[in-house]
Amino acid sequence: MQDSLKKTFPTFSNELIQDIQNNASIQTFKAGDVIMRTGQYINNTMLITKGQLKVFREGENGGEFLMYYLQPGQACAVSMICASKSQTSQIMAKAVDDVELIMVPLSLMEKWMMEHRTWYEFVIFTYRIRFEELLEVVDSIAFRAMDERLEFYLKRHSDACGSKDLKLSHQEIATELNTSREVISRLLKKMEQRELVKLHRNHIELLT
């Protein structure tokens, strides 16, 4: 665990890494596994060392509202907040691909905030980044038409995956943008005509 932590979380001090190694546990999940559910009590903070997580809200009708993606070297801010306050989760988290997580027990959250400066800075940075991402999502919904929201969504997904080749179905995009597959297909076709994307059978290629 120590080598993985040093590589994935380079800002952590050696003392913090040692504390994590002594007290945290490693868990692995397969692509598609739901790791956090709405209403679930959170007993651990999740640090991502491998793979990618999708964090979203689930509507009453089963629709999904994408909040953000989590990559190696990042942590779930919601799990930090819920764990520190012993509250239930209001979001869902699902493995996009096979993931490895380091689970930090609730009891250590506040203790490490006082004992480890690098942990304190990491937590504050995590809150700020997630807050900025959520502001972008709110702006997208409040001030952009669906075609602009679609472009914003594809760019976020590309940035999160580090690839312009997006393995997304039209239905998956429609679910996450809370619209119909027909609308997404029509808008993607228009984007292809503008040479912004190239549509393939099972994936979408960003050209910009």
Being more than 25 Å from P105 (Cβ to Cβ), open to solvent by 30 Å² or more (accessible area, probe 1.4 Å) and of a type in the set (G, A, S) is the filter; apply it to the stretch 39-74 and report the residue that is modelled with the highest pLDDT. G59
Have a look at R156, R144, R149 and point out the one that is surrounded by 13 or more Cβ atoms within 10 Å (Cβ to Cβ) and touching a residue at least 60 places away in the same chain (Cβ under 8 Å). R156
Scan the strands (runs of 3 or more DSSP E) fully inside the stretch 56-145 and keep the ones with 3 or more residues being under 14 Å from the mean Cα position of the chain (by Cα) and either within 20 Å of K6 (Cα to Cα) or hydroxyl-bearing (S, T, Y) (or both). 64-70, 99-105
Here is a check on your reading of the model: is L199 touching a residue at least 24 places away in the same chain (Cβ under 8 Å) and open to solvent by less than 90 Å² (accessible area, probe 1.4 Å)? no
Give me the residue from the stretch 94-141 that is within 21 Å of I35 (Cα to Cα) and among the polar types (S, T, N, Q) and, out of that set, most open to solvent (accessible area, probe 1.4 Å). S107
Would you confirm whether or not the stretch 161-182 contains a residue that is part of a strand (DSSP E or B) and either under 21 Å from M67 (Cα atoms) or open to solvent by less than 90 Å² (accessible area, probe 1.4 Å) (or both)? yes
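The values are calculated or read from the model by the stated rules, or taken from the named source; none is laboratory data. Everything quoted here is computed from the prediction, not taken from an experiment. Counting neighbours? That spans all protein chains shown, and the Cβs are built from the backbone with ideal geometry, glycine included. Calculation scope for accessible area: heavy atoms of the full protein, side chains included, ligands and nucleic acids excluded. Shrake-Rupley method; radii C 1.70, N 1.55, O 1.52, S 1.80 Å.
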